[in-house]
Amino acid sequence: MNKYKKVQGLMWEGTAMGNAKWTGVRLRDVLIKAGVDPNDKRIKHVHFEGADSDPEGSHYGGSIPFEKAMKSECIIAYKMNEETIPRDHGHPLRLIAPGIVGARQVKYLKTIRLSEEESPAHWQQKDYKAFPSSVQIGDPLDWSSVPSINEYPIQSYICIPSPGDKVKRSEEEIEFAGYAWSGGGRGIIRVEISTDGGKTWRNSELQQAPEQDLEHMWAWTLWKATVKIPKDGDKFEVLCKATDRAYNTQPETPGALWNVRGLLNNSWHRVTINIVD
Ligand SMILES: Nc1nc2c(c(=O)[nH]1)N[C@H]1C(S)=C(S)[C@@H](COP(=O)(O)O)O[C@H]1N2
Ligand SMILES: [Mo]
């Protein structure tokens, strides 16, 4: 998004992304055991706080809607990929609320609170919230005017090859591969690629964990496609875009998505590679 128009945010690009198998106890069961009434209309959000703190001593935190917290997929995890959770990923306990952005998956889980409100902005980067495009760099940010990002819009990415990689024309074809993911468990139904700037598209081959279904697709979808290397020119561009269960698809450019903190850019991903003879 920064390349389109300057933003005030962290430049994550597309590969600050993880996917793991989590094991834990249902958050729902823990809350009910602690005396929470699942039908208590006063409870709107559940706040989570980690044991880590910033230099001022405030703890990392985030919240999810109570309704989501009571769904069977939300767990307090104690294992990652069948092993004790590594320290970097939240040892000993971590909230896992599938279908929601990473920032809410609170590590080193220490405290759970029930509330009528979303949790206040968390430390360091304030919060992941997208402001209207009219809000410009330097304008005051009214954090309470927008809700935090929870479910993420549909996204796809080309991981292989990397931008600027070189291929030999004599190899004739090259394999492209990447991931796609959408928030809320909305399954990926297709990932398409284009070699003519988006005029025509063709399907890629998807790889999805068999235990996932279209309504509960928490993990990423991996995709791959073989692309013919053009006979002329010294470089070429490949684009990808995905479509999810709700038939949401990605926009062509970040133009209509621009926001001051550079969040939620899910426009078509483009990679240009070089051809050598
Ligand atoms: N306690 C705690 N939990 C946290 C954070 C943190 O700094 N402290 N960072 C959050 C953010 S912003 C992200 S993107 C994910 C990163 O999780 P990972 O390190 O397992 O990839 O953890 C989230 N949970
Ligand atoms: Mo993050």
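The values are calculated or read from the model by the stated rules, or taken from the named source; none is laboratory data. Computed from a predicted model, the values in this text were never measured in an experiment. As a convention, Cβ positions derive from the backbone with ideal geometry for all residues, glycine included, and neighbour counts pool all protein chains shown. Just so you know, the surface numbers come from the protein's heavy atoms only, side chains and all, with ligands and any DNA or RNA stripped out. Shrake-Rupley method; radii C 1.70, N 1.55, O 1.52, S 1.80 Å.
Excluding ligands, DNA and RNA, the accessible surface per residue across segment 155-276 is 50 Å² with a 1.4 Å probe.
Once all protein chains are placed together, I96 keeps about 20 Å² accessible to a 1.4 angstrom probe. Lys-Lys pairs in segment 22-145 that are eight or more residues apart or on separate chains and whose Cα atoms lie under 22 Å of each other come to 27.
Taken over segment 22-145, the percentage of Cα pairs per 5 Å bin, counting from 0 up to the bin with the maximum distance, is 2, 10, 19, 22, 18, 14, 9, 4, 2, 0.
The lysines within cross-link reach of K199, meaning a Cα-to-Cα straight distance under 27 Å and a gap of 8 or more places when in the same chain, are K3, K5, K166, K168, K224, K228, K231, K235, K241. Only DSSP H runs of four or more residues enter the estimate; each adds -39500 (n - 2.57), and after division by the residues of the chain the mean residue ellipticity at 222 nm equals -1000 deg cm²/dmol. Normalised by residue number, the volume inside the convex hull of the Cα atoms of segment 140-277 is 124 Å³ per residue.
Highest mobility in the GNM of the chain, judged by mean-square fluctuation with C-alpha springs under 10 Å and restricted to R94, R28, R42, is found for R42. Quarter the surface of the alpha carbon convex hull of the chain and you get the mean projected area, 17.1 square nanometres. Loop-located GluC sites (Glu not before Pro) in segment 197-255 (DSSP state other than H, G, I, E, B) with a sparse environment of at most 10 neighbouring Cβ atoms within 10 Å: E211, E215.
For segment 123-218, trypsin sites (Lys or Arg not before Pro) are listed when DSSP marks them as loop and at most 11 other Cβ atoms sit within 10 Å of their Cβ; the list is K199. Residues within the reach of a label modelled at R202 (point 7 angstrom out along Cα to beta-carbon, backbone nitrogen below 11 Å), restricted to segment 141-155: there are none. By accessible area, using a 1.4 Å probe on protein heavy atoms only, the chain has 50% of its surface on carbon and sulfur.
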